[in-house]
Amino acid sequence: MTTEIFNAKTQKENGTNYAGRVIRAGGLVAFPTETVYGLGANGLDGEAVAKIFEAKGRPQDNPLILHVAKKSDVKALWRHIPDNAKRLMDAFWPGPLTLIFVKSDIIPEEVTAGLDTVAVRMPEHKTALALIRAAGVPIAAPSANISGRPSPTTAEHVLADMDGRIDVILDGGPCSVGVESTVLTLVGKPRILRPGGITKEMLEQIIGEVEVDPSVLRPLREGEVAASPGMKHKHYAPDAEVVVAVGSWRRIASIICREYEIAEAMGKRCIILGTEQTRTCYHGMNCDIIGNRDLPQTLCAELFSALRRYSGKVDVIFAEGVPETDQGLAYMNRLLRASGFTVLDK
Ligand code: AMP
Ligand code: MG
């Protein structure tokens with residue numbers, strides 16, 4: 001199959017109208033959102049949804065998120081809308097927050113991987129909203145990468161993974177948030193299954209206490225069942241070893257300097273993903289400043305792009321841990337998974 005690319009700015013309506021027809025006809029369209037690029041299919045058509053799993057090589061037991069263009073679209077997708085969901089939708093939709101609740105009867109089992117709940121989000125990106133409206137159906141979409149690789153934050157990333165596997169790519173430039181949406185289940189006590197741009201602190205201002213699933217910052221233990229099936233699979237990994245140093249920024253810099261020298265002496269090619277605060281610590285070493293430790297959202301915005309930039313080009317990527325507060329929780333969740341939980345603290 002030939003993958004057609006439309007520029008979402010210059011070919012605005014042509015692109016989204018055509019892509020909307022492709023979705024209705026059961027095809028696959030990659031589209032920009034404020035989080036990462038999504039790989040969309042008609043969320044009410046099980047056969048179309050099955051093609052997403054095939055194109056990505058996604059494990060069959062990992063459910064998808066349905067994307068809607070207006071809040072009231074949720075009515076048809078959930079059994080009912082709980083009060084806390086209404087308040088969260090008013091506060092954060094459109095935006096990077098996915099809500100999980102008990103599904104209605106119209107959802108094909110391919111979307112939910114057989115679960116009795118379904119995840120729904122209203123994205124903020126204009127092109128995503130225009131596409132969903134043009135399609136006239138909820139769009140099921142995971143990130144538009146080959147399963148296991150870092151999520152795509154530009155159309156070039158999508159093309160690198162999906163050329164020839166999908167019908168259309170809408171190119172809307174780089175994504176602003178850079179990590180996938182926060183996933184919050186409202187079945188039982190509200191619990192974050194995946195942290196993202198809408199933080200625990202922000203959610204708690206609206207609905208009070210919110211739990212964080214233990215799998216967010218550590219691997220599943222033997223016999224433990226994943227609350228969110230996606231958390232048990234290998235994720236976000238570039239073609240290079242990723243090592244995370246944690247502690248104060250001074251400690252982190254000294255760990256990375258020491259390990260970099262050891263790796264270099266072994267003939268390994270290395271890169272450091274540094275921050276504004278450690279800019280002057282890595283003298284004479286390969287370093288890419290990707291953001292500011294005090295503004296973890298800047299690190300989220302650059303992480304996947306940086307992992308792809310050095311994938312296959314270096315042997316080791318050294319990265320700095322940050323405090324797990326605000327968007328730092330999302331950053332650490334992605335970084336720890338990308339590293340396979342390879343952490344150095346002394
Ligand atoms: P992705 O599509 O790559 O953004 O991943 C979607 C994430 O949401 C994965 O971690 C899924 O496991 C999770 N997810 C989607 N639907 C559900 C659900 N009904 N219950 C629990 N987790 C879900
Ligand atoms: Mg993904």
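Please treat every number below as a calculation from the coordinates, not as lab data. Keep in mind the model is a prediction, meaning the values are calculated, not measured. Cβ coordinates were reconstructed from backbone atoms using ideal geometry, including for glycine residues, and neighbour counts include every protein chain displayed.
Couple of notes before you dig in:
- Where trypsin sites (Lys or Arg not before Pro) fall in DSSP loop in the stretch 19-127, at most 16 other Cβ within 10 Å: Lys70, Arg79
- Database remark: amide H of Asn7 closer than 5 angstrom to the amide H of Asp171 (H placed geometrically; neighbours at sequence offset of 5 or more, or on other chains; Pro and chain starts carry no H).
- Peptides 265-271, 41-47 ordered by packing proxy, namely the average of other Cβ atoms within 10 Å per residue, highest first: 41-47, 265-271.
- Exposure proxy ranking, count of Cβ atoms within 10 Å, fewest first, for Thr275, Thr2: Thr2, Thr275
- Net charge of neighbours whose Cβ lies under 11 Å from the Cβ of Asp239, counting Lys and Arg as +1 and Asp and Glu as -1: +1
- Mean residue ellipticity, 222 nm, helices only, the chain: the sum of -39500 (n - 2.57) across DSSP H runs of n ≥ 4, divided by residue count and rounded to 500, is -9500 deg cm²/dmol.
- Neighbours of Arg269, meaning other residues whose beta-carbon lies under 10 angstrom from its beta-carbon, give a summed charge of 0 when Lys and Arg score +1 and Asp and Glu score -1.
- Taking Lys and Arg as +1 and Asp and Glu as -1, the other residues whose beta-carbon sits under 11 Å from that of Ala227 total 0.
- Among 239-252, 291-304, the order from most to least packed when residues are scored by Cβ within 10 Å on average: 291-304, 239-252
- Among His233, His125, His80, the largest mean-square fluctuation in a Gaussian network model of the chain (Cα springs under 10 Å) belongs to His80.
- Ordering of 219-232, 160-173 by burial proxy (mean other Cβ atoms within 10 Å per residue, highest first): 160-173, 219-232
- Scanning residues 5 or more positions from Val242 or on other chains, those with amide H under 5 Å from its amide H are Ile317, with H placed 1.01 Å from N in the peptide plane.
- Ordering Ala306, Tyr331, Phe341 by Cα displacement along the dipole of the stretch 306-346 toward the positive end leaves Ala306 in first place; charges were set at the Cβ atoms of Lys, Arg (+1) and Asp, Glu (-1).
- Relative contact order for the chain, counting Cα pairs under 8 Å that sit 6 or more residues apart, in percent: 20 percent
- 0 to 90° range, to nearest 10: angle between helix 46-56 axis and the chain longest Cα axis: 20 degrees
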